[in-house]
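The values are calculated or read from the model by the stated rules, or taken from the named source; none is laboratory data. All figures in this text were calculated on a predicted structure; none of them were measured in a lab. Methodologically, a virtual Cβ is constructed for each residue, glycine included, from the backbone with ideal geometry; neighbour enumeration extends over all protein chains shown. SASA here: full protein model, heavy atoms, side chains in, ligands and nucleic acids out. Shrake-Rupley method; radii C 1.70, N 1.55, O 1.52, S 1.80 Å.
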Amino acid sequence: MRSTARRWSYGVKGAPYAHPSPTTTLKRARSAPYLFLLPAVLLFALFFALPIGYAVWLSFRKVKVSGLGLGSGARNEVWAGLENYTDALSDSELLHGTLRVLGYGCIVVPVMLGLALLFALMLDSEKVRLAPVTRLAIFLPYAIPGVVAALLWGFLYLPDVSPFYFVLDRLGMPQPDLLDGGPLFVALSNIAVWGGTGFNMIVIYTSLQAIPAEVYEAAKLDGATPLQIALRIKIPMVSPSLVLTFFFSIIATLQVFNEPTTLKPLTNSVSTTWSPLMKVHRDAFGEGDIYGAAAQAVIIAFATLLLSFGFLRAANRRQKQEAAR
(Lines give C-alpha, C1' and ligand atoms only; values in the text may rest on other atoms or scores of the structure.)
Protein backbone atom coordinates (compact mmCIF):
# COMPACT_ATOMS: atom_id res chain seq x y z
CA MET A 1 0.00 0.00 0.00
CA ARG A 2 1.07 3.57 -0.75
CA SER A 3 2.01 5.41 2.38
CA THR A 4 -0.13 8.41 3.25
CA ALA A 5 2.22 9.69 5.92
CA ARG A 6 3.31 13.24 5.58
CA ARG A 7 6.80 14.05 4.46
CA TRP A 8 8.72 16.50 6.63
CA SER A 9 11.28 19.04 5.51
CA TYR A 10 13.32 21.56 7.37
CA GLY A 11 13.44 25.26 6.68
CA VAL A 12 16.39 27.60 6.71
CA LYS A 13 16.36 27.85 10.49
CA GLY A 14 15.78 24.17 11.03
CA ALA A 15 12.03 24.46 11.74
CA PRO A 16 10.18 21.44 10.34
CA TYR A 17 7.16 21.82 8.04
CA ALA A 18 4.94 19.19 6.42
CA HIS A 19 4.47 18.68 2.70
CA PRO A 20 0.80 18.41 1.63
CA SER A 21 -0.39 14.95 0.77
CA PRO A 22 -0.96 13.99 -2.91
CA THR A 23 -4.73 14.00 -2.35
CA THR A 24 -4.68 17.56 -1.02
CA THR A 25 -2.51 18.72 -3.92
CA LEU A 26 -4.89 17.14 -6.45
CA LYS A 27 -7.91 18.83 -4.85
CA ARG A 28 -6.20 22.19 -4.96
CA ALA A 29 -5.26 21.71 -8.61
CA ARG A 30 -8.85 20.83 -9.51
CA SER A 31 -10.35 23.80 -7.65
CA ALA A 32 -7.87 26.38 -8.98
CA PRO A 33 -9.65 26.98 -12.35
CA TYR A 34 -12.95 27.62 -10.59
CA LEU A 35 -11.33 30.11 -8.26
CA PHE A 36 -9.94 32.01 -11.25
CA LEU A 37 -13.35 31.96 -12.94
CA LEU A 38 -15.23 33.10 -9.84
CA PRO A 39 -14.68 36.90 -10.27
CA ALA A 40 -15.77 36.79 -13.91
CA VAL A 41 -18.84 34.68 -13.06
CA LEU A 42 -19.85 37.07 -10.29
CA LEU A 43 -19.48 40.12 -12.54
CA PHE A 44 -21.42 38.37 -15.32
CA ALA A 45 -24.21 37.43 -12.92
CA LEU A 46 -24.46 40.87 -11.25
CA PHE A 47 -24.16 43.13 -14.30
CA PHE A 48 -25.51 40.97 -17.14
CA ALA A 49 -27.62 37.99 -16.15
CA LEU A 50 -29.39 39.67 -13.22
CA PRO A 51 -30.45 42.81 -15.16
CA ILE A 52 -31.72 40.66 -18.02
CA GLY A 53 -33.73 38.50 -15.66
CA TYR A 54 -35.14 41.58 -13.94
CA ALA A 55 -36.15 43.09 -17.31
CA VAL A 56 -37.91 39.86 -18.29
CA TRP A 57 -39.72 39.83 -14.94
CA LEU A 58 -40.83 43.46 -15.36
CA SER A 59 -42.11 42.74 -18.87
CA PHE A 60 -44.80 40.47 -17.39
CA ARG A 61 -45.96 43.06 -14.85
CA LYS A 62 -48.04 46.24 -14.93
CA VAL A 63 -49.44 48.84 -12.56
CA LYS A 64 -53.12 48.64 -11.66
CA VAL A 65 -54.60 51.95 -10.57
CA SER A 66 -57.54 51.97 -8.20
CA GLY A 67 -59.85 54.99 -8.14
CA LEU A 68 -58.04 58.25 -8.75
CA GLY A 69 -54.66 56.67 -8.08
CA LEU A 70 -54.14 58.75 -4.96
CA GLY A 71 -53.15 57.53 -1.54
CA SER A 72 -51.39 54.43 -0.33
CA GLY A 73 -52.44 51.21 -2.00
CA ALA A 74 -54.02 52.99 -4.99
CA ARG A 75 -51.30 51.84 -7.37
CA ASN A 76 -50.39 48.16 -7.22
CA GLU A 77 -48.08 46.07 -9.36
CA VAL A 78 -49.93 43.06 -10.77
CA TRP A 79 -49.35 40.24 -13.24
CA ALA A 80 -49.91 41.33 -16.85
CA GLY A 81 -49.18 38.15 -18.79
CA LEU A 82 -48.45 38.86 -22.45
CA GLU A 83 -50.28 42.20 -22.49
CA ASN A 84 -47.08 44.27 -22.66
CA TYR A 85 -45.77 42.13 -25.51
CA THR A 86 -48.95 42.39 -27.56
CA ASP A 87 -48.98 46.16 -27.06
CA ALA A 88 -45.33 46.41 -28.15
CA LEU A 89 -45.83 44.29 -31.26
CA SER A 90 -48.83 46.37 -32.31
CA ASP A 91 -47.10 49.71 -31.64
CA SER A 92 -46.70 51.62 -34.90
CA GLU A 93 -43.93 53.82 -33.49
CA LEU A 94 -41.79 50.78 -32.67
CA LEU A 95 -42.44 49.38 -36.17
CA HIS A 96 -41.50 52.64 -37.89
CA GLY A 97 -38.36 52.90 -35.75
CA THR A 98 -37.39 49.38 -36.78
CA LEU A 99 -37.85 50.22 -40.46
CA ARG A 100 -35.70 53.34 -40.08
CA VAL A 101 -32.95 51.30 -38.42
CA LEU A 102 -33.09 48.71 -41.21
CA GLY A 103 -32.66 51.47 -43.79
CA TYR A 104 -29.83 52.90 -41.75
CA GLY A 105 -28.18 49.46 -41.58
CA CYS A 106 -28.46 48.96 -45.34
CA ILE A 107 -26.17 51.98 -45.72
CA VAL A 108 -23.82 51.48 -42.77
CA VAL A 109 -22.95 47.78 -42.94
CA PRO A 110 -21.95 47.45 -46.64
CA VAL A 111 -20.05 50.75 -46.74
CA MET A 112 -18.23 50.20 -43.45
CA LEU A 113 -17.19 46.63 -44.18
CA GLY A 114 -16.27 47.49 -47.77
CA LEU A 115 -13.98 50.29 -46.64
CA ALA A 116 -12.52 48.12 -43.86
CA LEU A 117 -11.70 45.36 -46.33
CA LEU A 118 -10.23 47.84 -48.83
CA PHE A 119 -8.02 49.49 -46.21
CA ALA A 120 -6.88 46.12 -44.85
CA LEU A 121 -5.90 44.92 -48.33
CA MET A 122 -4.05 48.17 -49.03
CA LEU A 123 -2.13 47.97 -45.75
CA ASP A 124 -1.24 44.34 -46.47
CA SER A 125 0.24 45.27 -49.84
CA GLU A 126 4.01 45.06 -50.26
CA LYS A 127 4.15 48.54 -51.82
CA VAL A 128 2.51 50.36 -48.93
CA ARG A 129 4.53 53.04 -47.15
CA LEU A 130 4.16 54.25 -43.56
CA ALA A 131 1.86 51.32 -42.74
CA PRO A 132 1.98 51.78 -38.92
CA VAL A 133 1.07 55.47 -39.16
CA THR A 134 -1.68 54.82 -41.69
CA ARG A 135 -3.08 51.96 -39.64
CA LEU A 136 -3.16 54.15 -36.52
CA ALA A 137 -4.83 57.01 -38.39
CA ILE A 138 -7.59 54.72 -39.66
CA PHE A 139 -8.12 53.17 -36.22
CA LEU A 140 -8.11 56.41 -34.20
CA PRO A 141 -11.77 57.37 -34.87
CA TYR A 142 -12.83 54.14 -33.16
CA ALA A 143 -11.11 55.32 -29.97
CA ILE A 144 -13.29 58.46 -29.86
CA PRO A 145 -16.49 57.98 -27.79
CA GLY A 146 -19.67 57.78 -29.84
CA VAL A 147 -21.26 60.81 -28.21
CA VAL A 148 -18.18 62.96 -28.88
CA ALA A 149 -18.05 61.80 -32.50
CA ALA A 150 -21.75 62.55 -32.97
CA LEU A 151 -21.31 66.05 -31.51
CA LEU A 152 -18.31 66.69 -33.74
CA TRP A 153 -20.11 65.69 -36.91
CA GLY A 154 -23.32 67.35 -35.77
CA PHE A 155 -21.67 70.76 -35.69
CA LEU A 156 -20.04 70.04 -39.05
CA TYR A 157 -23.54 69.42 -40.43
CA LEU A 158 -24.92 72.76 -39.15
CA PRO A 159 -24.86 75.40 -41.93
CA ASP A 160 -24.16 78.28 -39.52
CA VAL A 161 -20.97 76.86 -38.02
CA SER A 162 -19.74 74.26 -40.50
CA PRO A 163 -16.61 75.12 -42.53
CA PHE A 164 -17.88 72.86 -45.29
CA TYR A 165 -20.93 75.04 -45.88
CA PHE A 166 -18.71 78.13 -45.88
CA VAL A 167 -16.56 76.64 -48.64
CA LEU A 168 -19.62 75.56 -50.64
CA ASP A 169 -21.08 79.05 -50.30
CA ARG A 170 -17.85 80.65 -51.54
CA LEU A 171 -17.76 78.30 -54.51
CA GLY A 172 -21.40 78.99 -55.34
CA MET A 173 -22.34 75.33 -54.98
CA PRO A 174 -25.61 74.01 -53.51
CA GLN A 175 -25.66 73.50 -49.75
CA PRO A 176 -27.72 70.42 -48.87
CA ASP A 177 -29.39 70.17 -45.48
CA LEU A 178 -27.94 66.93 -44.10
CA LEU A 179 -30.10 67.02 -40.97
CA ASP A 180 -33.47 66.87 -42.71
CA GLY A 181 -35.30 64.20 -44.70
CA GLY A 182 -33.43 61.56 -46.66
CA PRO A 183 -29.94 63.09 -46.18
CA LEU A 184 -30.36 62.49 -42.44
CA PHE A 185 -29.77 58.77 -43.02
CA VAL A 186 -26.56 59.60 -44.86
CA ALA A 187 -25.45 61.94 -42.06
CA LEU A 188 -26.08 59.34 -39.34
CA SER A 189 -24.50 56.58 -41.42
CA ASN A 190 -21.40 58.69 -41.98
CA ILE A 191 -20.85 58.96 -38.20
CA ALA A 192 -21.12 55.19 -37.76
CA VAL A 193 -18.88 54.43 -40.75
CA TRP A 194 -16.26 56.95 -39.62
CA GLY A 195 -16.15 55.48 -36.13
CA GLY A 196 -16.43 51.76 -36.90
CA THR A 197 -14.30 51.22 -39.99
CA GLY A 198 -11.02 51.23 -38.05
CA PHE A 199 -12.02 48.40 -35.71
CA ASN A 200 -13.21 46.18 -38.56
CA MET A 201 -10.09 46.99 -40.55
CA ILE A 202 -7.87 45.82 -37.68
CA VAL A 203 -9.76 42.53 -37.42
CA ILE A 204 -9.44 41.83 -41.15
CA TYR A 205 -5.84 43.05 -41.31
CA THR A 206 -4.87 40.69 -38.46
CA SER A 207 -6.32 37.77 -40.41
CA LEU A 208 -4.39 38.81 -43.50
CA GLN A 209 -1.16 38.84 -41.50
CA ALA A 210 -1.83 35.25 -40.42
CA ILE A 211 -1.85 33.92 -44.01
CA PRO A 212 1.41 32.01 -44.68
CA ALA A 213 3.83 33.76 -47.04
CA GLU A 214 4.26 30.50 -48.99
CA VAL A 215 0.73 30.88 -50.33
CA TYR A 216 1.57 34.24 -51.90
CA GLU A 217 4.85 32.93 -53.29
CA ALA A 218 3.12 29.99 -54.94
CA ALA A 219 0.54 32.32 -56.48
CA LYS A 220 3.27 34.61 -57.84
CA LEU A 221 5.08 31.65 -59.38
CA ASP A 222 1.84 30.79 -61.16
CA GLY A 223 1.75 34.33 -62.61
CA ALA A 224 -1.01 35.79 -60.42
CA THR A 225 -1.21 39.56 -60.29
CA PRO A 226 -1.68 41.47 -56.97
CA LEU A 227 -5.34 42.01 -57.85
CA GLN A 228 -5.86 38.31 -58.52
CA ILE A 229 -4.10 37.43 -55.25
CA ALA A 230 -6.39 39.80 -53.37
CA LEU A 231 -9.59 38.53 -54.99
CA ARG A 232 -8.85 34.82 -55.18
CA ILE A 233 -6.63 34.20 -52.16
CA LYS A 234 -6.80 36.94 -49.54
CA ILE A 235 -10.53 37.61 -49.47
CA PRO A 236 -11.58 33.92 -49.39
CA MET A 237 -9.06 33.16 -46.65
CA VAL A 238 -10.28 36.01 -44.41
CA SER A 239 -13.94 35.13 -44.87
CA PRO A 240 -14.28 34.06 -41.19
CA SER A 241 -13.16 37.54 -40.15
CA LEU A 242 -15.64 39.08 -42.58
CA VAL A 243 -18.40 36.99 -41.04
CA LEU A 244 -17.33 38.10 -37.56
CA THR A 245 -17.25 41.79 -38.45
CA PHE A 246 -20.60 41.50 -40.23
CA PHE A 247 -22.03 39.87 -37.11
CA PHE A 248 -20.77 42.69 -34.87
CA SER A 249 -22.00 45.32 -37.33
CA ILE A 250 -25.53 43.91 -37.36
CA ILE A 251 -25.69 43.99 -33.57
CA ALA A 252 -24.37 47.56 -33.43
CA THR A 253 -26.84 48.67 -36.10
CA LEU A 254 -29.87 47.24 -34.31
CA GLN A 255 -28.74 48.92 -31.10
CA VAL A 256 -28.12 52.38 -32.57
CA PHE A 257 -28.85 55.00 -29.93
CA ASN A 258 -26.00 57.48 -29.35
CA GLU A 259 -25.88 59.08 -32.79
CA PRO A 260 -29.58 59.99 -33.25
CA THR A 261 -29.97 60.94 -29.59
CA THR A 262 -27.00 63.30 -29.79
CA LEU A 263 -28.19 64.89 -33.03
CA LYS A 264 -31.77 65.28 -31.80
CA PRO A 265 -31.24 68.79 -30.25
CA LEU A 266 -29.78 69.97 -33.58
CA THR A 267 -32.74 69.03 -35.78
CA ASN A 268 -36.48 68.42 -35.63
CA SER A 269 -36.19 65.45 -38.00
CA VAL A 270 -35.01 63.11 -35.24
CA SER A 271 -37.91 62.17 -32.99
CA THR A 272 -37.73 60.53 -29.59
CA THR A 273 -38.76 57.26 -31.27
CA TRP A 274 -36.39 57.41 -34.25
CA SER A 275 -34.85 54.05 -33.30
CA PRO A 276 -36.29 51.19 -31.21
CA LEU A 277 -33.87 51.83 -28.33
CA MET A 278 -34.78 55.52 -28.31
CA LYS A 279 -38.43 54.55 -27.93
CA VAL A 280 -37.56 52.19 -25.07
CA HIS A 281 -35.65 55.02 -23.38
CA ARG A 282 -38.53 57.46 -23.83
CA ASP A 283 -41.17 55.06 -22.53
CA ALA A 284 -39.08 54.03 -19.52
CA PHE A 285 -37.66 57.38 -18.41
CA GLY A 286 -39.85 59.93 -20.17
CA GLU A 287 -43.30 58.42 -19.66
CA GLY A 288 -42.52 56.18 -16.68
CA ASP A 289 -43.76 52.99 -18.34
CA ILE A 290 -40.93 50.70 -17.33
CA TYR A 291 -43.06 47.60 -17.84
CA GLY A 292 -43.88 48.27 -21.49
CA ALA A 293 -40.30 49.42 -22.08
CA ALA A 294 -38.99 46.17 -20.59
CA ALA A 295 -41.18 44.16 -22.97
CA GLN A 296 -39.90 46.18 -25.93
CA ALA A 297 -36.31 45.66 -24.79
CA VAL A 298 -36.84 41.90 -24.52
CA ILE A 299 -38.33 41.82 -28.03
CA ILE A 300 -35.37 43.77 -29.44
CA ALA A 301 -32.89 41.48 -27.68
CA PHE A 302 -34.69 38.37 -28.91
CA ALA A 303 -34.84 39.70 -32.49
CA THR A 304 -31.13 40.52 -32.38
CA LEU A 305 -30.31 37.07 -31.04
CA LEU A 306 -32.49 35.35 -33.63
CA LEU A 307 -31.06 37.37 -36.53
CA SER A 308 -27.48 36.83 -35.38
CA PHE A 309 -27.99 33.11 -34.81
CA GLY A 310 -29.60 32.70 -38.23
CA PHE A 311 -26.77 34.54 -39.96
CA LEU A 312 -24.06 32.55 -38.17
CA ARG A 313 -25.79 29.29 -38.96
CA ALA A 314 -26.09 30.20 -42.64
CA ALA A 315 -22.43 31.24 -42.75
CA ASN A 316 -21.29 28.00 -41.11
CA ARG A 317 -23.40 25.96 -43.51
CA ARG A 318 -21.85 27.73 -46.47
CA GLN A 319 -18.33 27.16 -45.15
CA LYS A 320 -19.05 23.45 -44.70
CA GLN A 321 -20.37 23.24 -48.26
CA GLU A 322 -17.26 24.94 -49.62
CA ALA A 323 -15.01 22.67 -47.55
CA ALA A 324 -16.85 19.61 -48.90
CA ARG A 325 -16.08 20.68 -52.46
Amide proton proximity set for ARG61, modelled H, under 5 Å, gap of 5+: ALA80
Residue-level accessible surface for LEU305, protein heavy atoms, 1.4 Å, Å²: 110
Accessible area per residue, Å², the chain with all protein chains present, probe 1.4 Å: 65
FRET E, pair THR304, PHE139, Förster distance 30 Å, beta-carbon r, rounded to 0.05: 0.70
Partner lysines for LYS62 [C-alpha distance under 27 Å; skip if fewer than 8 residues away on the same chain]: LYS279
Listed values [x] 96, 73, 32; [y] 93, 82, 51; [z] 84, 38, 33, entry calculated as Cα extents along the principal axes in Å: [y]
Label-point gap, in nm, between LYS127 and CYS106 - each point 7 angstrom along Cα→Cβ: 3.7
Whole-Hz couplings from phi, Karplus 6.51/-1.76/1.60, listed for the range 289-297; x for Gly and Pro: 9, 6, 6, x, 5, 5, 5, 4, 5
Cα-projected label distance for ALA29 with GLN228, points at 7 Å along beta-carbon direction, nm: 5.5
Residue-wise HN-Hα coupling along the range 312-319, computed from phi with Karplus coefficients 6.51, -1.76, 1.60 (Hz; x: Gly, Pro): 5, 5, 5, 5, 5, 5, 5, 5
For the chain, the longest site-free run once GluC sites (Glu not before Pro) in DSSP loop states with at most 15 other Cβ atoms within 10 Å are removed: 127-286
Mean separation of Cα contacts under 8 Å, 6 or more apart, over the residue count of the range 91-324: relative contact order %: 29
Segment ALA40-ILE251, extension gain: residue separation times 0.36 nm, minus the distance between their alpha carbons: 73.6 nm
Solvent-accessible area, 1.4 Å probe, carbon plus sulfur percent, for the range 171-232: 66
GNM flexibility winner over the chain from VAL41, VAL108, VAL256 (Cα, springs under 10 Å): VAL41
Aspartates and glutamates with Cα under 18 Å of LYS220, excluding same-chain neighbours fewer than 8 positions away: ASP124, GLU126
Top of SER162, SER269, SER308 by mean-square fluctuation, Gaussian network on the chain, Cα under 10 Å: SER162
Heavy atoms of MET112 accessible to a 1.4 Å probe, total area in Å² rounded to 10: 20
Cross-link partners of LYS264 among aspartates and glutamates (Cα-Cα below 12 Å; sequence separation of 8 or more within a chain): ASP180
